[in-house]
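Asks: So that we are looking at the same thing, I have put the structure below in structure tokens.
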Amino acid sequence: MSIYKDCDIRGIYSVEFDENDAYKIGRAVGTMMTGKTLVVGGDVRLSTPVLKERLIAGLRESGANIKDIGTVPTPVFYFSLKKLVADGGVMVTASHNPAKYNGFKLMLGKTPITVEVIKTIENIVISGEFSSGDGMYETIDTSEDYIADMLSIFEPCKLRVVLDCCNGATSEIAPRIFELLGYDVVKLYCEFDGSFPNRDPNPAVYENLTDLKKKVVESGADLGAAFDGDGDRVVFVDDRGRVINSERSFAVFIREYLKEAPSSVVYDIKSSSVVRDTVLELGGEPILERSGHAFIKKRFLEKKSALAGEISGHFFFRELGYDDGIYAALRMAQILAKSGEKLSGIIDRIPSTLITPDIRVFCPYDKRDGWLERVHEAGKQYKISLIDGVRVDFPYGWLLVRKSVTEEGITLRIEAKNEENMNKIKSWILEVLPEIPEELLYKEVKR
């Protein structure tokens, strides 16, 4: 698989890319940004220091000026871009991926990275046609400014919260902010360790949150928050130790932000109808967008939306202009404190539907387009969306079929109003694509 993805550059370190590639990527980005000022940060992964060092060397040799903000969560990186009035930046991270991965999140200019820009970087790396220069370099600490900013936004609070930082980049800064605001903080895996020894850094895989669920119940906490490896995602656990799926967490934010005035809200195509229905209930405009951080963020900024969200745990806020897992956790805690209720009670009033996780099905690369065409043709009598694969909206639920971006295959996701309708959609797709092993559809646990 290529390390050049739709929204970033990412792969298995020392297998798919190494520090030599990091240097060339630096040369390519520096060629595009000669004479410009770039912020560079990195997460806690074991491979990050060498990758960051070689990336910066390449950037400077192509004439880019560097402000090195050290080891930080990605939200601090985004904050620093604004604080330092930079022309762009690179964050060395593989976000929620396992420890063997690493990569680069890019922000060049004021808009999110595009597929075309990623391709341009790849082409410059391949051609080796780099500019030459002697870019300046300085280190600067923006973490204290970020902390001060959070303390100026949020009010002191006495709730008890469990913070599961997965030994990632939020391990020091997130507990510190909560403690400075007066929270009773119970720490779980809040020491830096880029090997992620205690759990996989992806909180959107709810099986990874077993320890957090137990700790919330044992400690009598009001809220649990699990961050990913670089801190731009968060998943919540309520006071009863139940993982709250991201659509219902998003619904809590939507109700808070749209109660004063309607606004547009951007959500990804894999989201439950709970998101759309909550926005409509409050008079807002739900905007469906393809999955992927850059696509969601671009539409969110274009529409000047109040919020945007993905089922992976990314939450974007108008007042920030980007996604921030720490900010989202602070906002959720504040909503809870002001409500005077238990989080479980708030969540139980939000509707829940039957929805599958992503169901991954092997399909050879040369047959994937054909499979999607068959779904499109068979579903023409219903409402069809083609912004990301093929989504068929039935009167009683929906089906999404997409090409996998990480492996040779497709992914399916199904939502329905009840078990009978869920099985009806499963039967429909099995008739259209009989190549799908039936057991894959029926062994999935719905949430």
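Asks: As an exercise, take the mean of 1/r over every pair of distinct alpha carbons in the chain, invert it, and state the Kirkwood radius in angstroms.
Replies: Computed over the chain, the radius equals 22.7 Å.
Asks: Expressed as a rounded percentage, what relative contact order does region 221-305 have, with Cα pairs under 8 Å and six or more residues apart?
Replies: Over region 221-305, the number comes to 22 percent.
Asks: For the full complex of protein chains and a 1.4 angstrom probe, list THR111, THR37 by accessible area with the highest value first.
Replies: Reading off the accessible areas and sorting them downward yields THR111, THR37.
Asks: Rank CYS190, CYS157, CYS166 by mean-square fluctuation in a GNM of the chain with C-alpha springs under 10 angstrom and give only the top-ranked residue.
Replies: CYS157
Asks: Moving to a separate point now. Would you look at the GNM of the chain, springs on alpha carbons closer than 10 Å, and say which of GLY109, GLY370, GLY194 moves the most?
Replies: GLY370
Asks: Under 19 Å from a point placed 7 Å out from the Cα of GLU116 along the Cα-to-Cβ direction: which residues of region 294-316 have their backbone N that close?
Replies: Answer for region 294-316: 294-303.
Asks: In addition: Pairs of alpha-carbon atoms within less than 8 angstrom and 6+ residues apart define the contacts here; what relative contact order does the chain have, in percent?
Replies: Reported relative contact order: 12 percent.
Asks: Follow-up question, since we're still on this one. Check cross-link reach from LYS380 to the aspartates and glutamates: straight Cα distance under 13 Å, and skip same-chain residues fewer than eight apart.
Replies: Leaving aside aspartates and glutamates fewer than 8 places away in the same chain, those within reach of LYS380 are ASP393.
Asks: Using r as the Cβ-Cβ distance of GLN381 and LYS417, and R0 as 22 Å, what FRET efficiency do you calculate, to the nearest 0.05?
Replies: Approximately 0.70, to the nearest 0.05.
Asks: Which semi-axes, in whole Å and largest first, does the equivalent ellipsoid of region 174-298 have when worked out from the alpha carbon gyration tensor as the square roots of 5 times its eigenvalues?
Replies: Here the semi-axes work out to 29, 18, 14 Å.
Asks: Still on this model: Hey, what do the phi angles of region 300-314 turn into as Karplus ³J(HN,Hα) couplings, whole Hz, using 6.51/-1.76/1.60 and θ = phi - 60°, x for Gly and Pro?
Replies: Once θ is set to phi - 60°, the couplings for region 300-314 become 4, 6, 4, 8, 6, 6, 5, 8, 8, x, 10, 5, 6, x, 7 Hz.
Asks: Can you return the lysines within cross-link range of LYS304? Criterion is Cα-Cα under 22 Å, with same-chain partners fewer than 8 residues away left out.
Replies: Cross-link targets: LYS82, LYS83, LYS110, LYS259, LYS270.
Asks: Here is a follow-up. Given the options SER344, SER95, SER249, which has the most mean-square fluctuation in a GNM of the chain, springs set between C-alpha atoms less than 10 angstrom apart?
Replies: In the Gaussian network model the winner is SER344.
Asks: Using helices alone, I'd like the mean residue ellipticity at 222 nm for the chain: each DSSP H run of four-plus residues gives -39500 (n - 2.57), total over residue count, nearest 500.
Replies: Here the helix-only value at 222 nm equals -11000 deg cm²/dmol.
Asks: Of the cross-linked pairs LYS303/LYS367; LYS338/LYS417; LYS187/LYS403; LYS5/LYS298; LYS213/LYS403, which ones have a Cα-Cα span greater than 28 Å in the structure shown?
Replies: In this structure, LYS303/LYS367; LYS338/LYS417; LYS187/LYS403; LYS213/LYS403 lie more than 28 Å apart at Cα.
Asks: Moving on. What are the trypsin sites (Lys or Arg not before Pro) within region 313-420 that DSSP puts in a loop, where the Cβ has at most 12 other Cβ atoms within 10 Å?
Replies: ARG349, LYS380
Asks: May I ask for the longest run of the chain untouched by chymotrypsin sites (Phe, Trp or Tyr not before Pro) that are loop-located per DSSP and have at most 15 neighbouring C-beta atoms (other than their own) within 10 Å?
Replies: Looking at the chain, 1-191 is the longest stretch - no exposed chymotrypsin sites (Phe, Trp or Tyr not before Pro) with at most 15 other Cβ atoms within 10 Å.
The values are calculated or read from the model by the stated rules, or taken from the named source; none is laboratory data. From a predicted model like this one, the values you see are computed outputs, not experimental measurements. Please note: Cβ atoms are built from the backbone with ideal geometry, for glycine as well, and neighbour counts cover all protein chains shown. The protein model used for the area step is the full one, side chains on, heavy atoms only, and it has no ligands, DNA or RNA in it. Shrake-Rupley method; radii C 1.70, N 1.55, O 1.52, S 1.80 Å.
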